[in-house]
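This report concerns only the one structure given below.
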Amino acid sequence: MSAPPWSLPRLIAFRFGVIAALLLMSPYVFWIVPGAGPLNVALLRGWHWLASWFGALLGLDVPPLRPTGSGDALWNYLHALLSLILAALGTLAWTFASRRRAHPRLAAAMTVVLRYFLAGILIGYGMAKVMPMQFGPLPLARYDATLGDMSPMGLMWTFMAFSQPYVFFAGIAEVVGSVLLLWRRTYLAGALLLIAVMTNVAVMNFCYDVPVKLFSMMLLAMLCVLVASHARRLAGALLGYATREVPPRVRTTATAERIRIVLKLSMIAFIALHAYRAVVVSRWIAEQRVITPLHGSWRAERVVIDGVERAPLLTDDVRWRKLIFHEYGLVVRFATDRRLYLRAEVDAKAQTITHVEGVLRRVWSYRLVDAEHLVIDTQNIHAELVLEPPPPLTTRGFHWVQEDPYNR
């Protein structure tokens, strides 16, 4: 029995959506496939070349392809625009060339493609929060930054990273929703959960100028497409009407079913491996966090440079104001508020601080007078420092009972 014909608007919208989705997904489709890195790079370079060519037609100079972490580069916008133009042209050609008025099998296949693409991408984002990697614990130096000096993205990153339970909660929501996408009877629940999650993500990207606006909107649009075919059933259920059961999947030949199972298991294995990579990377990141005996923020009370004691003048760009030994190194904050970020290692036995500044490797000696007083000697600096109390953000903690708000 042939499928009932679709209306012309539905037919055109479907064909446009299929072509646009495939073009928009193409630069990212091999992210989770092991060993497919060179192919993924080739696709990115190919699209970047096309976007650069298209940009030249529009009088735009597209910068070279660089791994900056931004998904809102000029070439990304040109790729999206070019994909929509090609999808429109492809839809026009497809409509003139084909007399078919329905594509039920292709619609089912594209639903599966969207489900697994979204699951593969979003489970990676979720695991990056669960482990955590995307919003790892804040280093002590971050607490010394002033609010006004932060960028909108830096403020959002700090807000998220401050509460690791909240980051874990956000990650679990993405992981659970992604796993639910893998099965036909649960993918609607997963898509609804992820729509809520990705709406919040997209709004935060726009409101805090996070350069993943295009990608998050693309993922959100794809999730909405998955839900769209169930819109009538969902509306009926919300209004209290009985809804029909999802019809069972149409079975084909035994050979086709075996191929389907192999492909499904392979995709699940790729996604599981993708999630496991997050575990491995998170362990490596955790190993980089080192709490040294000098961990803390030390205020310089007395600084002698080349035998001359320097007064704490805010115009002195050489005198130390503060030294912050954090989990990933050392920050030297000068009297003018200029900051120098250094990789540093503290040897408690030898009482030395070894740091790298550019290509130079320097060794300082230090002496802990007591738990709150530190003396550091370099080639030309003698500094006496006092440990500052930890910031309230690290000590306030959680309280069930509060007679008055603690809002500082």
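Here, each number is a calculation from the coordinates, and none is a lab measurement. These numbers come from a predicted model, not from an experiment. Cβ: placed from backbone, ideal geometry, glycine included. Neighbour counts: every protein chain shown.
So here's what we get for this one:
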| item | result |
| --- | --- |
| Estimated vicinal HN-Hα couplings, Hz - segment 197-207 in sequence order (Karplus 6.51, -1.76, 1.60; Gly, Pro = x) | 5, 6, 5, 4, 4, 4, 5, 5, 4, 6, 6 |
| On Cα atoms only, tilt of 254-288 relative to the major axis of the chain in degrees | 10 |
| Helix 8-25 vs. the chain, principal-axis angle (Cα, 0 to 90°, nearest 10) | 40 |
| Listed peptides 236-242, 87-93 by packing density, highest first (mean Cβ within 10 Å) | 87-93, 236-242 |
| Karplus 3J(HN,Hα) series, Hz, for segment 363-377 with 6.51 cos²θ - 1.76 cosθ + 1.60 (x for Gly, Pro) | 10, 10, 9, 9, 8, 8, 5, 7, 5, 10, 10, 10, 10, 10, 10 |
| Dipole magnitude of segment 296-389 about its Cα centre (Cβ charges: Lys, Arg +1; Asp, Glu -1), debye to nearest 20 | 220 |
| Added length on full extension, which subtracts the Cα-Cα distance from 0.36 nm per residue, L313 to A272 | 9.1 nm |
| Whole-Hz couplings from phi, Karplus 6.51/-1.76/1.60, listed for segment 33-45; x for Gly and Pro | 7, x, x, 9, x, x, 5, 5, 5, 4, 5, 4, 5 |
| Kirkwood-based Rg to Rh ratio, the chain, C-alpha trace | 1.09 |
| Fewest-first sequence of I376, I261, I32 by Cβ atoms within 10 Å of each Cβ | I261, I376, I32 |
| Rounded if a/c under 1.5, otherwise prolate or oblate - segment 1-52, Cα gyration tensor axes | oblate |
| Gyration tensor (alpha-carbon) shape descriptor, segment 296-389, a/c threshold 1.5 | rounded |
| Cβ-Cβ FRET estimate between L60 and H373, R0 fixed at 56 Å, reported to 0.05 | 0.45 |
| CD proxy at 222 nm, helix term only [per DSSP H run n ≥ 4: -39500 (n - 2.57); per residue of the chain; nearest 500] | -17000 deg cm²/dmol |
| Length-normalised contact order of segment 252-408 in % [C-alpha pairs under 8 Å, at least 6 apart] | 18 |
| Between 0 and 90°, nearest 10: helix 104-130 axis offset from the chain longest Cα axis | 10 |
| Fully extended contour minus Cα-Cα distance, from A189 to A13, at 0.36 nm per residue | 60.9 nm |
| Global geometry of segment 1-116, whether rounded, prolate or oblate, following the gyration tensor of its Cα atoms and the 1.5 cut on a/c | oblate |
| Translational diffusion of segment 317-364, µm² s⁻¹ [Kirkwood Rh, Cα pairs; Stokes-Einstein; 37 °C; 0.692 mPa s] | 292 |
